[in-house]
Amino acid sequence: MNRYFADFHIHVGISESGKWVKIPTSRQLTVRTILDTALQRKGLQIVAIVDAMSPWVQQDIGRLLEEGRLVAQAGGGYRYHNGVTLLLGAEIETCEESGGMCHSLLYLPDLPAMQELTKEMSRHIRNIGLSSQNAHMPLRQLASIARIHQALFVPAHVFTPHKSLYGACSPRMSSLLNEADLAVVSAVELGLSADTVMADRIRELWGFEFLTNSDAHSPEKIGREYNLLELAAPSYGECVLAFKRQAGRRVLENFGMDPRLGKYHQSCCGQCETIFSASPIQPTCPSCGCTKLVKGVADRIEEIADAPDGLHPATRPQYRYQAPLYMLPGLGGKTLAKLVEELGTEMELIHAVSLAEIQRVGGRRVAAAMAAVRNGTATVQSGGGGIYGKVGLP
């Protein structure tokens, strides 16, 4: 078995033909630049773009195949310059009778399979070229479609207050999906504002593997959360086995932000945007008296939890707190680019390069910030109300 760093949730901003795919997302995020960034700067071995249902993205993938830069591999997925595997995914929005909306991720092994899904979903989505569009169906129906197409089915950022399963639709997945539908669920994506400790407060999640992905909308955010997988090869089929904990394949570790850094961790007022530090939140905003409150992930999980804090299934991978490099105090874009140029990819900087080398190239303050993250002594200012938290030095 070998080990691979993987980020399964990256968005395409614009196609090479100039057509928007995901709004608002950086224009720099094309299929080609995502793969180059993952290979040359981030040091990821597996990435999944979640806008591959768009015909514009499919055209760009086809062009890379024609150029020979992408090569189909046994087991599904495509190899880019023989250095990073590309998996094809689609983020789809569903809506329950309650009005709550939910995002889910579907992954398929190759371009023909994704094109078949495009044909199917074109009957339900008005603009199939754009990402994350409302499919005008409940989650149960999408699960059935995933079953028919034999797709990996992963509820996305499941606790965020907007467009997520637990945050916006229901306190229980089992109330939205019947037993057959639940069997289709391949894994669950936690989102940036939750970690394993928080998610395992929901007992029905004990049977699912957790994923920590970036949901990147710009190049620097690729790999801000990622997974370490143990596989025989970096292919779609091997990832299927890992998601389902089969044949010795597995998600070995989740590398995620401290959930306090997430922009939806704490509750806030929907009118004046005051962030609430106390829990449970009161029915009205103490600053403006508004009753339009946005419940943060921490408060939502506390509200719906049915398992004691600190309990986990025996198969749960270790969750490693990892602050994205761009969040570290004193580490600007130019310095980070210099570190990558001289010392290696971001994965190598995070996991392998010595602090002495980091100090030699980036300076003492950058080395101190890296040391604080590695040994767990960095301080965290909590985020909420759409504003990310901040990393500080002890």
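If a residue has to be under 15 Å from residue 181 (Cβ atoms) and either within 16 Å of the chain's Cα centre (by Cα) or modelled with pLDDT under 95 (or both) to count, how many in region 139-157 make the cut? Outline the logic, then answer.
Within region 139-157, the subset under 15 Å from residue 181 (Cβ atoms) is 139-155.
The next check asks that each one be either within 16 Å of the chain's Cα centre (by Cα) or modelled with pLDDT under 95 (or both); those that pass are 152-155.
Selection size over region 139-157: 4.
Select from region 227-254 the residues that are in a strand (DSSP E or B) and either buried (at least 22 other Cβ atoms within 10 Å of the Cβ) or basic (Lys, Arg) (or both) and list them in ascending order.
Result: 227, 229, 231, 250, 251, 254.
All but one of (1) buried (at least 23 other Cβ atoms within 10 Å of the Cβ); (2) among the charged types (D, E, K, R); (3) closer than 19 Å to residue 4 by Cβ hold for residue 51; which doesn't?
Failed condition: (3).
If we keep just the residues of region 163-173 that are surrounded by fewer than 24 Cβ atoms within 10 Å (Cβ to Cβ) and either of a type in the set (Val, Ile, Thr) or touching a strand residue (DSSP E or B) at 6+ places or on another chain (Cβ under 8 Å) (or both), which is nearest to residue 185 (Cα to Cα)?
Let us first name the residues in region 163-173 that are surrounded by fewer than 24 Cβ atoms within 10 Å (Cβ to Cβ), namely 163, 168, 170-173.
Next cut, either of a type in the set (Val, Ile, Thr) or touching a strand residue (DSSP E or B) at 6+ places or on another chain (Cβ under 8 Å) (or both) only: 163, 168, 173.
Working: 163: 18, 168: 18, 173: 10 Å.
Going through the qualifying residues, I end up with 173.
Step by step: first the residues of region 259-286, then only those that are under 17 Å from residue 382 (Cβ atoms) and hydroxyl-bearing (Ser, Thr, Tyr), then the one that is nearest to the chain's Cα centre (by Cα). Which residue is that?
The residue in question is 264.
Can you go through 351, 312 and tell me which one is at negative phi and either in contact (Cβ under 8 Å) with a residue 40 or more places away in the chain or assigned by TED's automatic domain parsing to the domain that holds residue 43 (or both)?
On the way: 351 fails: either in contact (Cβ under 8 Å) with a residue 40 or more places away in the chain or assigned by TED's automatic domain parsing to the domain that holds residue 43 (or both).
Sole residue among the options that is at negative phi and either in contact (Cβ under 8 Å) with a residue 40 or more places away in the chain or assigned by TED's automatic domain parsing to the domain that holds residue 43 (or both): 312.
Tally time: how many residues in region 1-48 are of a type in the set (A, V, I, L, M, F, W, C) and part of a strand (DSSP E or B)?
Qualifying residue count for the region: 9.
Restricting attention to helices (runs of 4 or more DSSP H) lying wholly within region 334-394, give those where 2 or more residues are over 24 Å from the mean Cα position of the chain (by Cα).
Details: elements: 346-351, 355-362, 364-375.
In region 334-394, the matching helices (runs of 4 or more DSSP H) lie at 355-362, 364-375.
Tally time: how many residues in region 60-78 are under 21 Å from the mean Cα position of the chain (by Cα) and at negative phi?
1
State which residue pairs qualify: first residue over 26 Å from residue 263 (Cβ atoms) and acidic (Asp, Glu) and inside region 357-383, second residue in a helix (DSSP H, G or I) and at pLDDT 95 or above in any location, beta carbons under 6 Å apart, and separation of 6 or more residues or different chains.
These pairs meet every condition: 357/343.
Output yes when any residue across region 263-274 is within 25 Å of residue 189 (Cα to Cα), small (Gly, Ala, Ser) and either surrounded by 17 or more Cβ atoms within 10 Å (Cβ to Cβ) or outside the structural domain of residue 212 (by TED's automatic domain parsing) (or both), and no when none is. Quick ask: steps written out before the conclusion?
First, the residues of region 263-274 that are within 25 Å of residue 189 (Cα to Cα): 263-268.
Next cut, small (Gly, Ala, Ser) only: 267.
If we keep only those that are either surrounded by 17 or more Cβ atoms within 10 Å (Cβ to Cβ) or outside the structural domain of residue 212 (by TED's automatic domain parsing) (or both) as well, we get 267.
Looking through region 263-274, at least one residue is within 25 Å of residue 189 (Cα to Cα), small (Gly, Ala, Ser) and either surrounded by 17 or more Cβ atoms within 10 Å (Cβ to Cβ) or outside the structural domain of residue 212 (by TED's automatic domain parsing) (or both).
I'd like the residue in region 196-213 that is surrounded by 24 or more Cβ atoms within 10 Å (Cβ to Cβ) and not hydrophobic (A, V, I, L, M, F, W, C) and, out of all such residues, is nearest to the chain's Cα centre (by Cα).
Step by step, filter region 196-213, then rank; the result is 213.
Of all residues in region 318-337, how many are closer than 26 Å to residue 173 by Cα and surrounded by 19 or more Cβ atoms within 10 Å (Cβ to Cβ)?
Qualifying residue count for the region: 1.
On the given criteria, is residue 88 surrounded by 21 or more Cβ atoms within 10 Å (Cβ to Cβ) and either farther than 21 Å from residue 146 by Cβ or not assigned by TED's automatic domain parsing to the domain that holds residue 241 (or both)?
Working: surrounded by 21 or more Cβ atoms within 10 Å (Cβ to Cβ): yes; either farther than 21 Å from residue 146 by Cβ or not assigned by TED's automatic domain parsing to the domain that holds residue 241 (or both): no.
So residue 88 does not fit the description; no.
From the list 373, 361, pick out the single residue that is in contact with a Leu (Cβ under 6 Å, 6 or more places away or on another chain), not assigned by TED's automatic domain parsing to the domain that holds residue 253 and not aromatic (Phe, Trp, Tyr). Don't jump to the end; show me each part of the working.
Working: 373 fails: in contact with a Leu (Cβ under 6 Å, 6 or more places away or on another chain).
Answer to the selection: 361.
Kindly indicate whether residue 373 is under 20 Å from residue 222 (Cβ atoms) and modelled with pLDDT under 95. Steps first, answer last, please.
Details: under 20 Å from residue 222 (Cβ atoms): yes; modelled with pLDDT under 95: yes.
Judged against the criteria, residue 373 is a match.
The values are calculated or read from the model by the stated rules, or taken from the named source; none is laboratory data. Everything numeric here is computed off the predicted structure, so don't read it as measured data. Cβ: placed from backbone, ideal geometry, glycine included. Neighbour counts: every protein chain shown.
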